[in-house]
Each structure stands twice: as structure tokens, then as C-alpha cells.
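The values are calculated or read from the model by the stated rules, or taken from the named source; none is laboratory data. Please read all numbers here as calculations on a predicted model, not as lab measurements. Cβ atoms come from the backbone with ideal geometry, glycine included; neighbour counts cover every protein chain shown. Keep in mind that these areas ignore ligands, DNA and RNA; they rest on the heavy atoms of the full protein, side chains included. Shrake-Rupley method; radii C 1.70, N 1.55, O 1.52, S 1.80 Å.
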Amino acid sequence: MGQIRLDGIVKSYGKEVVVKNLDLTVQPGEFLTILGPSGCGKTTTLRMIAGLEEPDEGNIQLGDRMVFSRSDGVVIPPEARGLGLIFQSYALWPHMTVARNITLALKEKKLSKTEIAARLENALDLVQLTGYAERYPSELSGGQQQRVAVARLIALRPSILLMDEPLSNLDAKLRTEMRASLKRLHRDLKATTVYVTHDQIEALTLSDRVIIMNEGKIMQEGTPFEIYHHPANIFVAEFIGDPGINLFHGVTKNSTLDCGDITVPLPENLASADRRLIAAIRPEKVLVSETEKPGWQKVSTEILQPTGADTILQVRIGETSITLLQPGFITLAEGSKLWINFAPDSISFFDPETQDNLRSTAD
Amino acid sequence: MAPVSRTRDRPAFWSLRNFSYQAYRLKNRPELIIGVLALVFLGFVVMVPLLQIIKEAFTFQRYDLAYQPDGNVGGFTLLHFDRVFFQPISKALFFKPLINSLMMGVAVTAIALVVGFSLAWLMVRTNVHFKGTFGAMLVFPYMMPSWVMALAWLSLFKNDRIGGSEGLLTYMTGTQVPDWVAYGYLPIVFTLAMHYYAYAYLLISGALATVDSELEEAGATSGMGKWKRIRVITMPLLMPAIGSAIVLTFIRILGTFGTPALLGMPVRFFTFSTQIYASINARNQGDAYILALVLIVLAVSFIWINSRIIGVRKSYVTMTGKGFRKHESDLGKWRWPAAIIVILFLCITVALPLILLLWESLTLIPGNYSLSNLTSYFWAGQGNMQLAYGEPGVIHNRGILEALGNSIKLGFAAALFNGALGLLVGYAVVRGRGARLSRWLEAIAFAPYIFPSIALGAIYIGMFSTNIGPIPALYGTFTILILITVIKNLPFTSRTGIAAMLQIHQSLEETARVQGIGWFRRMFRIIIPLSMSGLVAGMLLTFITAMRELSLIILLISPGNNVLTGLIFGYQEQDMAQHSAAVTLMLVMFIILISVIVRLMSRRAGVGKLSVV
């Protein structure tokens, strides 16, 4: 119960193919996030699972039920798929009270009055909106509206939950709060969840597993840790992480990669001569010292952006600009000298031709 | 990665699997089903009739035996075509009405546009006095039949030309009013213009209210003078509205029947509309069909020329004036004179006609306007053989009360069907956006716009005078009146429906779908409540139009299905001036009464502000 299987899904609008032969399985109870830039096909994928869009090819299975199969001629409409879906716009019916928004679908299911009342009370309680039952959506704040949309799902108790960028209309502070409550929702309902977002922080904080999509194809799938630390290709490496990863194009010289202004140590399996490679290192992985150390490279500070807990530093060596992330609120004069170094195991290497991560293929 | 070759799994087109897949798909997409049904229905009631009269126009009819006794009834003939265009009779049948119609159309459109534009500018862009009152009063003509002014004109200027009584002017001065003042081109143009300015006013003031003053201020900051700003910035933005006002007015004038019939036919001044009526009455349907086709061709080419000149493809798009009123220029010492001009204008177009009709309805002997001649007979009389062929007064007159019932029934039925059809067309068009079906449906729902009213009436005679398959002959029934009214109003209601549906975000329905709520409940619980305000406005408009319509239904009414407008026309033809005046007043009163009730009810029900047009 609760498994989602997508099998060879193809979807195009006119000549533009937006989802290209997608295979995907979500395990029962799993929280899966589909992450990608806008137009990558992630929302279309979600809408196809919900039944709001029809694939051109392929099969979709929910639990042990086939809900779409082009080859078997099966199309189960969204009304009969028994899912829960949260929209970016919350999609609360503006002409109905909170209570009616929550109970409309329950009445459709012909539940008993006492059952409906109990579920309503329970749902409002869980999202901390007890006492708001008779309000209209327009009388609620953005965060409260969001919670009503969540309560509507809680009351319906679907075994599969779909969420389409549910947090993108909220301000930054509320977003952190709502992330926690969505995680609680997932835990309470024990529902298989597919969450679509372009926000990597949501993806990393919420998910058991993340799928990164670009141009209708899966670029990588893995746990948030794997995605962050072992990006499968340059697209993922660049897409994940804020501030963005540092990329250095260079040519191998035995055990180092010569990137012009800087040199990067190479792992043994990549040691060679005259091979073009791209090195990538996350800003927080760069080692930094305020005093000179042997073998470290001297850089000059250009721009400091303290964010409170951390500070983003833009430093320069020759023509190369490097982004660093250091804990604490750092105050340094512009042009101050720093020394940096790279730990060999924190660097990823990519093939400029295939764009793939070389180390992970080597492992 | 799996190979893409799975495409081969797709079942063959004729296989049972593919059939079940397509059936599932269709079930999954109610908008497709509605779209197809609506398309078939509209095709049947709009396109088939058109083809039908083209066919009929070139078919030898039984009544043609009078001209060609050896003709083959039912065979192909160019007889009607020849009569209308190439015979000595063509001058009276075609060329004179053509010139009259065109001259009338151009003159009325020009005057209505100038008047409507000036009033719109005054109301939206200046600080003229009594704006609120004027705003409500200026749309008043919209609620009256277009020929009320013509009736009033006759009360005022009627001479002894057609016998019977004479008008107020003759009564007071004792001299006969010359024919060219009492009848024909001049009064027709004047009275029509004083009605149709309301359309231009509504369209242009709506557009004007949405022209952002910031755009003009941007022009001012780049050093443009006031007139240059109006010419370079404001006018181009208003062009679509002006274009639709021109097209709307012109096509309506081409199809209008009441006024040219009342003021033109007595002096044998025929327009296309009255000529079509005369031909049908003379049992020369074939001629009437050809004339109706010419009228449609005229309307289509006018739309085409207009869009060419104005350069806006969809110049007929009506705008709704959800106005943000700002930047009113100060009229200064002209504030009062401007207000007085508007008051005078309102007196002439609204108050004077109604007062004249009231007075007329209270005179015992027609043409005698003295106080001693006043009577309530025509309102409350029991029936007296010495007066008006023994026809009882309004409240005791079964014929009138039946026609009133019919008018109200027609108004409500048309409003209801139009509302439902507009909703469904809007739903299918908006949900199916981008697909061919959606575009076709939108186009065909708009098609009745190009049929001038009288031509559509002629088409419907041709179509429904015999039974077509399971559908019985509808001629002479009440159903045909409802049908034609619904179809004629469809361009406007479907537009309202589309606009209302566009305002309902797709996710509001999708979220209900995913939660397992079926289509009917989605419609009744979500779509209809959310589109209610637009729908009610559109339905009220249809109601008013249906109640006051004559041109559209004049060819289709018979004693069995008569409505008030038809009855009034009949009284007028029999020179029963008091009866026609009294019934006209009653009609106007009912239209106003019911619109006020609907507005109050919808306001109480929390339905938003209504907009006209």
C-alpha cells in the first residue's frame, strides 16, 4: 500500500517534450522530493501522478493499482485515485468557511456526521487552528491558509500525499516554521509523499530521498547527503548549495590539477598528464587561515557578506574568484590577505565532456 | 536508463484497448464532452440554418408558381436571385433598401459615436456635476426598446399622411407637420441615434476608465501637450473600444426593424429589415432569404473593413469597466453648463418620450391633448365597442396580459438558458484552452454576432418551418422565440462565461477533483458559486434584451406566441396609438422593476457589483 511507480513516462506539449522516459519508484511511507529549476518537468510529473495531466506513454501504479497505462488503455481520473494534493496557491475555496473547505470532500465520501465532525476537530487541532472553523479564507493570514490546506489533507487521510511547491508563497520565516509542520504531517499520516520544489533547502531538510530533474530527465537521485556531498554531475553540483560550489577548469599535471592561478591536489586514481578536468569544492570545505602556512595559497579578500551565523567571503587569486563560507560574523578589511588550502577528500572532479562525477564512478 | 522503444507498446488505433483508453480519457475530461456537445448544438442552430437558407434561396418554391407557372417546385432556380438583383423590381426590392440601410447605418453610427464618446469623456475624465445620477440615467435607453423614441416621435410630429390622429405639434399649432419631419430618413436617424449612443457610451466609458492616467502623465513628462497626449496615447488605447462600438452599432442598425417600420414604412421608405419583413408578408420568402444573406455579407464585410482600418484584429471585444477612476480634469466655469447640457439631453432621450407616451395613453380621442380629453380607459377600461374596436384597457385585456406573461417567460427562459450555456461554453473554452476544440467553440459561440437580428429571424423561418428529423416544426411555437433569443445573445453570455471562468483559478477545481469530488458537485459547489456575479450580470442583460426585442422575433411571432413588443407593433399598425403607448409604458416599467429586483437581490446575496455590456 502506498507505493508509487512510474514506468517509462513520456509527456510532451506540442513538439516540446517535457518529461523524457521517466522511471521512478517511491517506497511506501517515503518522503521523496523532486527538485529542479522551473520548466524541468517536475510539476508535470506530479500532476501526472495526480491524474491532472495525461502522459503520452508509460504506466503509473499507485499501491497495487494501475491508474494509468497507455498500453493497457487505463486512465483512472483524479477523483478516483484517492490522493491528497497541496497546491502552491493552497486552492482554498474562497466562498466557503474553513470548516466547509475541510469537510466538503468528506461529505462526498458519505462519511457519517459524527465521523466528519471528529475528523474536522482533529485536523484543526493538529494544525493549531481550533476556533477558526467559521472563518473565511480571506480572513486568514498566508500561513493560516496554508495550515487549512494541510488540515484538509489530514481530514481526508490519504495514503499518498502530493505537494506542489506548498511553501513558495510564504515569507522566509514562516517557511521554516511550515517546513517543520509539513514534516510532522508526513509523520502523522505515514503517507507516501512526493514533494515538488525548486528550493534546495526544502529538499535537503524534508526529504528521505531527493530526485534532481533537469529538462525532463533525472539528473541524480539519492539521499540529501549523497546529493550534497556526491553530486553525480556538474548540473547537480552547481544546482545544489548556496552559496554555489566553486568550479575550477584545469589540466592534470601528475598528481595535481593546474587551474592557472591555483593548483588542486588530485586523488591517485585521477593522476595523469594533460587531461582536462573540472574540480569542484563547496565554499565551506575550503580551508582558511589568517596566517601564512606552508603550501597554502595566498588570496586577497574582495567582498564580505556576513549573514549572522556565517560569513560569505569572495576572495581573489590572480584572475580566479573563489567563494568561501566561514562560521561566525567575520569583520575584515577589504583587501586583507588570507591563505587557503584544499583537503583532497573534499573535492569532486568532473569530466568536462560527459559532465559526470569522476570520483563516484571510480568508487 | 530504459530504452525509449517502449513506444511500441501503444495499442493499434482500431484495437479494443485503444478504444477503452480513449473512452477513459473522455470520461476523465468533462470539458471535452461539454465542448463537443456544445459544438454540435451550436453548429445545428447557427450553421445549419445558414446553409438552409442559402439552399432555400436557390430552390423553386410553391409560391413561385405565381410568377412561373411551369416551374419545377423543389428544383434549383435563380429566380429569386434574378428578381432581387437584375429585374426592374430590383430597384425597389434591393437597391433602394440597400442605399437607405447604408445611409441610415453610417449616419446613426457616426452620431451615436460622437454623442457616446463625448458623454463618456465627460463622465470619466471630468468633474462634471451629478456624476452618479447621470451615470445611472445614461444607460437608461439600454433598458427600453429601441423604437420607444420612434413612438414618442409620432406622438409629437404625426401628420395626416396615413390618416388617423395627429400629433401634439399639429394639435397645438393647427398646421400639418411636413412629411420629411414626421417620417423617413431624418426622424429614423435621429431617434435611432438617441437610443444607440448608450452602447457607444458604455463601451467607451468602460475603456476610458481603464486607461491608466500614468501613461498620459508619462507623456506629459516627456513634454507632450494636452492634445498631443490625447492623440498619441489615449486615442490609440481607446481604439479597440471605439472599433467595437462602431461594429456593434452598425450591425444592430442594419438588423433593426421597429423604428424603420414605424417611421419609414408609412412613406414607403424601406430598409433591408423592413423589406425582408414585407417580402415575407407577401409570401416571397425566397427574396427575403437573399436579402438576409446580403445583410449578413454586409455585416461581415463591415467587420472586416473596420478591423482593417482600425488595425485591431479583435476590435469587437467588449470591455467591462472595472474602473479605477482617476485624473479628472477640472471643467472650471464649464461645470454647470456641461451638467445642464447632459440634463437637457436626458430630458430628450429619456424623460420626454416616456411623458409623451404616458400622455398619449391617457387621451380618450387620439390627437386631442386637452385636459378634458384625459381618460383612464386605456389602462383600466372594461371594453367599449365605440373605442378602439372594443379592445379593453391594459389591466382587463386578456391578450395584453397573456403577452406580458409571455414576455416575462421569454425573458426568464432566455436568461436561464443563456446563463447555463454561457457557463458551459466558458467552462469548455477555458479548461480546453490551447486545443482546437476550444477555439472552434469560441468562434461558433461568437458567430451569431455577425447575423443582423432580422436576418437571423429570416434564417429561423427557413430552418424551422418544417420538421427536421426528430425535431418538430418550431415555427409559431414559443420554443423558437426562446431559441433565437438565446442564440442571438450567446456571443455576449459566452464572453461573460469565459471571463468568469478565467477568474477561477484552475487549482480550485483540481483540488476538488483530487479530493474525490465528482463533476456535478464541483460545478454546483465551486464553479457556479464562484462565477455567480458575472453570470447574474450576463443573465440580467439577456433578460432585458429579450423583453425589449422586436427585430429578432418579428418574423417569428404569431397570435399563439405573441409577446408585448409584437403586440405593440400590431396596435401601432392598426393605428391604436393609446394602446401601443400604454403597453409600451407597461413593458418599460416591468423591465425596470425586474432589473431593480434582481440587482437588489444579488446585492443582498453578496454577489459583486454588476456591470452592463
Burial order of peptide ranges A:168-179, B:550-561, A:198-209 (average beta-carbon count within 10 Å, highest first): B:550-561, A:198-209, A:168-179
Neighbouring partner chain Cβ atoms per residue of A:119-132, average, 10 Å criterion: 0
Contour excess over end-to-end distance, with Cα ends at A:Y13 and A:A309 and 0.36 nm allotted per residue: 102.0 nm
Packing-based ranking, highest mean first, of A:309-315, B:469-475, B:447-453, B:284-290 given that Cβ atoms within 10 Å are counted: B:284-290, B:447-453, A:309-315, B:469-475
Heavy atoms of B:H396: accessible area, 1.4 Å probe, square angstrom to 10: 80 Å²
Relative packing of B:190-200, B:157-167, A:96-106, which averages over residues the other C-beta atoms within 10 Å, highest first: B:190-200, A:96-106, B:157-167
C-alpha center-to-center spacing [the stretch A:25-82, the stretch B:167-242] in angstrom: 58 Å
Residues B:A282 and B:A136, FRET efficiency given R0 of 51 Å [Cβ-Cβ distance, rounded to 0.05]: 0.70
Theoretical ellipticity at 222 nm over chain B - DSSP helices of four or more residues, -39500 (n - 2.57) apiece, nearest 500: -20500 deg cm²/dmol
Calculated P(r) of the stretch B:397-613 - Cα pairs past 21 Å, %: 60 percent
Student exercise, chain B dipole from Lys, Arg, Asp, Glu Cβ charges, in Debye to nearest 20: 2560 debye
Model label zone, B:I597; criterion: amide N under 19 Å from point 7 Å along Cα-to-beta-carbon; scope the stretch B:539-557: B:539-549
Heavy-atom accessible area order for A:K109, A:K42, largest first, 1.4 Å probe: A:K109, A:K42
Karplus (6.51, -1.76, 1.60) ³J(HN,Hα), θ = phi - 60°, over the stretch B:12-17, in Hz, Gly and Pro reported as x: 5, 4, 8, 6, 4, 4
Label point at B:I471 placed 7 Å out along Cα→Cβ; residues across the stretch B:550-569 whose backbone nitrogen lies under 20 Å: B:552-558, B:561
C-alpha long axis of helix A:142-156 to longest principal axis of chain A, angle in °: 60 degrees
Computed label-point distance, nm, for sites B:A380 and B:V106 using a 7 Å Cα→Cβ extension: 5.3 nm
Solvent exposure ordering (accessible area, 1.4 Å, most first) of A:E221, B:E391, A:E16: A:E16, A:E221, B:E391
Computed over the stretch B:325-425: relative contact order in percent, which uses C-alpha pairs under 8 Å that are six or more apart: 11 percent
Of all accessible heavy-atom area on the protein assembly as shown, the percent that carbon and sulfur account for (1.4 Å): 60 percent
For the protein assembly as shown, with +1 on Lys and Arg beta carbons and -1 on Asp and Glu, the positive-most of B:L295, B:Q275, B:L490 along the dipole: B:Q275
Set of aspartates and glutamates near B:K158 by C-alpha distance (under 13 Å), chain-local residues within fewer than 8 positions excluded: B:E166, B:D179, B:E360, B:D575
Where labels lie 7 Å past Cα in the beta-carbon direction, separation of A:E302 and B:N127 in nm: 5.7 nm
Residue-span extension gain [B:I89 to B:Q574] - 0.36 nm each, minus C-alpha spacing: 171.8 nm
Förster-model FRET efficiency, 51 Å R0, A:N341 and B:Q506, C-beta, rounded to 0.05: 0.40
Shielding by other protein chains, A:75-85, mean Cβ within 10 Å: 6
Separation in nanometres of the label points that stand 7 Å from Cα toward Cβ, at A:E215 and B:L358: 7.8 nm
Unit Cα scatterers, Debye sum, the protein assembly as shown: log10 I(q)/I(0) for q = 0.06, 0.08 Å⁻¹: -0.63, -0.94
Translational diffusion coefficient (Stokes-Einstein; Kirkwood radius from C-alpha pairs) of chain A at 20 °C, 1.002 mPa s, in µm²/s: 93 µm²/s
Local electrostatic count at B:L79 - Lys and Arg +1, Asp and Glu -1, tallied over other residues with Cβ under 15 Å: -1
Probe 1.4 Å, all protein chains present, accessible-area order of B:S155, B:S15, A:S38, largest first: A:S38, B:S15, B:S155
Coarse-grained scattering of the stretch A:78-168 at q = 0.13, 0.16, 0.22 Å⁻¹, given as base-10 log I(q)/I(0) from a Debye sum over alpha-carbon atoms: -0.38, -0.59, -1.14
Which of B:V148, B:I162, B:V73, positive extreme of dipole for the protein assembly as shown (C-beta unit charges): B:I162
Simple Cβ-charge dipole of the stretch B:397-613, Lys/Arg +1 and Asp/Glu -1, about Cα centre, in debye nearest 20: 920 debye
Relative contact order for chain B, counting Cα pairs under 8 Å that sit 6 or more residues apart, in percent: 19 percent
Shielding by other protein chains, A:86-93, mean Cβ within 10 Å: 5
